[in-house]
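Since the structure comes first, as structure tokens, the remarks are kept for the end.
Nothing in this text is a laboratory measurement; each read-out follows from the coordinates by a stated rule. Owing to the predicted nature of the structure, the values given are computational and were not obtained by experimental measurement. FYI the Cβ positions are ideal-geometry reconstructions off the backbone, even for glycines, and counts take in every protein chain you see.
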Amino acid sequence: MIEETVREPIVPGIFYPSDSEGLKTTVRRLLDNAETQKGKAAGLILPHAGYDYAGTQYGEGFRAVSSGSYKTAVLLAPVHREEEDILVLPESTSFLIPSGKIAVDQELVEELESAGTNFVRNDIPHLEEHAIEVHLPFLFHLFPKIRIVPILMGRASRKNVRVLSSALNLLCGKAPEEVLFVVSSNLSSSKSTEESDNQTQELIRLIREGDSQAVLDAGLRHEVSPCGLGPISVLLSCMNGPCRSEVLSTGNSQQLDGNREHVVSYGALAFFRDKDDET
């Protein structure tokens, strides 16, 4: 029997409200204010900024999955600290947020760990990283019994993308309607609004074309600058077969803080397989 270990939250009161009721109220408000129809999207690309900055994108994105009946959420995020050529799985058996506790899908994590030497289980990077945590309040609100597979990608290398894509397609392909993919990535980080807008539009164009390799190559050539380059490429590889993508919302940090010298672009993108019903 696995001993329970809990990954404690690290950004309550910074990226989202720290008290349970305040957090629940904020999540409900962002979902209720969203204009996107309730749906069953198979995958999402969403920011990992504070709710004050990117709350609209969180609401629009999670509204697009709110009619689903997922059993597992696979969360893919980059490592913001030192990048190693690894894929980091959690040792913790659950992740805690102010509104509750979400269990890790231990079976899937164990299967991923055995899928290749790139996979390691290590709680330390997860304890230092906010990019997965910010999505958990929405998942907990919409799907209280869902299990999560939190994966941090170190370097956005071709090998990491290939290994993770192959493993997820193999393990999650049997019942795709039960699995929700959530990629945590801001769309660009630039020195000016114009540069940010140009890079964001180019990234969105490549994502809409659905070419995983083209997105990865553009990022490695520094033509686009998402902080979740590798996870985005993996998501596109996992959305195999007929798939339709939609841009639900975009925004940037300059709209809130007025800083034109460092602009971060946010977006909510949803991916629907042909059989997915948006209504």
Give the aspartates and glutamates reachable from Lys24 as a straight Cα distance under 17 Å; neighbours fewer than 8 places away on the same chain don't count.
Asp32, Asp52, Glu60, Glu133
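Take the Cβ-Cβ distance between Gln255 and Ser18 as r, set R0 to 25 Å, and report the resulting FRET efficiency rounded to the nearest 0.05.
The pair Gln255/Ser18 has a calculated efficiency of 0.50.
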Using a basic spin-label model with each label point 7 Å from the Cα along Cα→Cβ, how many nm lie between Glu194 and Arg29?
3.7
Would you mind counting up the charge near Asp217? Only other residues with Cβ under 13 Å from its Cβ, with Lys and Arg at +1 and Asp and Glu at -1.
-2
Starting from the eigenvalues of the Cα gyration tensor, five times each then square-rooted, give me the equivalent ellipsoid semi-axes of segment 1-151, largest first, whole Å.
25, 17, 15
Based only on other Cβ atoms within 10 Å, what is the fewest-to-most ordering of Ile148, Ile10, Ile97, Ile232?
Ile10, Ile97, Ile148, Ile232
On full extension of the chain, what length is gained from Leu170 through Thr5, given 0.36 nm per residue of separation minus the C-alpha to C-alpha distance?
56.6 nm
Given +1 on the Cβ of Lys and Arg, -1 on the Cβ of Asp and Glu, and no further charges, what dipole in debye does the chain carry about its Cα centre, rounded to the nearest 20?
540
Just in segment 161-223: which trypsin sites (Lys or Arg not before Pro) are loop by DSSP and have at most 14 other Cβ atoms within 10 Å?
Lys174, Lys191, Arg221
Loop-located GluC sites (Glu not before Pro) in segment 159-230, at most 15 other Cβ atoms within 10 Å (DSSP):
Glu223
Evaluate the distance, in nm, between pseudo-label points positioned 7 Å from the Cα of Lys159 and of Lys145 along their respective Cα→Cβ axes.
4.2
Simple spin-label estimate for Ser114/Lys101, 7 Å along Cα→Cβ, in nm, reads 2.7
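Per residue, how big is the convex hull of segment 6-273 when only Cα atoms are used? Give it in Å³.
Values: hull volume 29.6 nm³, N = 268.
Cα convex hull per residue, to the nearest whole number: 110 Å³.
Restricting attention to segment 1-100, which GluC sites (Glu not before Pro) occupy a DSSP loop and are surrounded by at most 11 other Cβ atoms within 10 Å? Walk me through the numbers on the way to the answer.
Values: sites: Glu3, Glu4, Glu21, Glu35, Glu60, Glu82, Glu83, Glu84, Glu91; in loops: Glu3, Glu4, Glu35, Glu82, Glu83, Glu84, Glu91.
Those that pass, being in a loop and sparsely packed, are Glu3, Glu4, Glu35, Glu82.
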Taking only Cα atoms and a 10 Å spring cutoff, compute GNM fluctuations for the chain and point out the largest among Leu108, Leu180, Leu171.
Leu171
